[in-house]
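This structure is in structure tokens; I'll ask about it shortly.
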Amino acid sequence: MGNLYGVIGDPIAHSLSPLMHNDAFRSLQLDHNYYPFHVTPSHLPDAVKGMKALGVNGFNVTIPHKVTILPLLDKIDSLANAIGAVNTVVRENNELVGYNSDGLGFIRALKEEWKADLENEKVLIIGAGGAAKAIYYSLVYDGVQTIDICNRTPERAVQLVQSCPYPSQSNVLLMEEAEENLGEYTLLIQTTSIGMIPNITDSPISVQNIKPGTHVVDIIYNPFETMILKEAKQKGATTSNGLGMFIYQGAIAFEKWTGQTPNINRMKNIVANHLGGNSIC
Ligand code: ATR
């Protein structure tokens, strides 16, 4: 019999991870199964104990448990510990070990879809929530030198930068300053929920001053092309949506669980088809 994997969250019914991982298991002829588990916050400690007791081999963690699960695990990897959030748990020698593949998944997608060497890019991150933190820390960890942040609540961006345990130097900008200085950046990363279905005409920032050739990534993939991506394209920017980050965070978890590399294009296609789209990048 194969191994058992899953994802815990609240809500969980919408998760595309079961579709993606079960297809990857089948395509590699692995007899494993991946289930969505609806776990409310009050049941999280029991659910984690249950995962361990039942011999579940690994699981993903999604909203609202990514932060609160930390003290419930046996070990936390250093990057996940720095970020303060776990999205992937792996059973290692009968211990549950927490990892964070969100930021690393973002970087792998970006390197695949745009360019391999990011070190000298001038990066602006829009937003300072949990997703921005995973991406910021992972970019710093990856050696990117210039990463500025703008956020509606600038104090949150200051806090994010100051709490980074890796050496980093970043400017925190007001949204208006960021809009004015947009031409200085070569890579823009949109991490807020603005522009997501159903509010598809909203955009967090004006891209009036963007330079042609700048790359813009939105971590949203529903819709595939958010308003900021549409407007940036019209200004001569290249763009990526958030599907790549979702696929690669899953692929990294899959590799940790099985030691095998899943077929990325197959994963992208199955998720994109489910979302009703026909163009994936
Ligand atoms: P996540 O974990 O998905 O990143 P989060 O921690 O709630 O979610 O962060 C959401 C981000 O979107 C934050 O940067 C938030 O800005 P604030 O820190 O000012 O709250 C941003 N955001 C959400 N709704 C927004 C809105 N209507 N206008 C501007 N920024 C918004």
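The values are calculated or read from the model by the stated rules, or taken from the named source; none is laboratory data. What you see is a predicted model; the values in this text were computed from it and never measured. Backbone-built Cβ (ideal geometry, glycine too); neighbour counts: all protein chains shown.
Looking at Asn81, Asn57, can you tell me which residue is touching a Leu at 6+ places or on another chain (Cβ under 8 Å) and closer than 18 Å to Ile135 by Cα?
Asn81
Could you please let me know if Asp77 is surrounded by fewer than 20 Cβ atoms within 10 Å (Cβ to Cβ), farther than 14 Å from Lys256 by Cα and charged (D, E, K, R)?
no
Within the group Tyr185, Tyr166, Tyr141, which residue is among the aromatic types (Phe, Trp, Tyr) and modelled with pLDDT of 95 or more?
Just a single option satisfies the conditions, and that option is Tyr185.
Which numbered condition trips up Val144, out of (1) over 15 Å from the mean Cα position of the chain (by Cα); (2) not in a loop (DSSP other than H, G, I, E, B)?
Exception for Val144: condition (2).
Here's something else I'd like to know. Given the range 227-281, what helices (runs of 4 or more DSSP H) lie entirely inside it while holding 1 or more residues that are small (Gly, Ala, Ser) and under 20 Å from Val90 (Cβ atoms)?
243-258
Given the criteria surrounded by fewer than 16 Cβ atoms within 10 Å (Cβ to Cβ), touching a Gly at 6+ places or on another chain (Cβ under 9 Å), of a type outside the set (A, V, I, L, M) and farther than 17 Å from Trp257 by Cα, does His38 qualify?
yes
Restricting attention to strands (runs of 3 or more DSSP E) lying wholly within the range 1-83, give those where 3 or more residues are touching a helix residue (DSSP H, G or I) at 6+ places or on another chain (Cβ under 9 Å) and without any contact (Cβ under 8 Å) to a residue 40 or more places away in the chain.
Qualifying strands (runs of 3 or more DSSP E): 33-38.
Restricting to the range 84-125, count the residues that are assigned to a loop (DSSP other than H, G, I, E, B) and either on the phi > 0 side of the Ramachandran plot or more than 16 Å from the ligand (Cβ to nearest atom) (or both).
So the count comes out to 11.
Can you tell me how many residues in the range 149-190 are closer than 13 Å to Val123 by Cα and either within 16 Å of the ligand (Cβ to nearest atom) or assigned by TED's automatic domain parsing to the domain that holds Ala80 (or both)?
9
Check whether at least one residue in the range 126-137 is surrounded by fewer than 22 Cβ atoms within 10 Å (Cβ to Cβ), more than 9 Å from the ligand (Cβ to nearest atom) and touching a residue at least 40 places away in the same chain (Cβ under 8 Å), and report yes or no.
No.
Quick one: count up the residues across the range 178-214 that are in a loop (DSSP other than H, G, I, E, B) and buried (at least 19 other Cβ atoms within 10 Å of the Cβ).
Final tally of qualifying residues: 11.
Examine the range 210-217 for a residue that is more than 18 Å from the chain's Cα centre (by Cα) and not assigned by TED's automatic domain parsing to the domain that holds Glu113, and state whether such a residue exists.
Among the residues of the range 210-217, not one is more than 18 Å from the chain's Cα centre (by Cα) and not assigned by TED's automatic domain parsing to the domain that holds Glu113, which makes the answer no.
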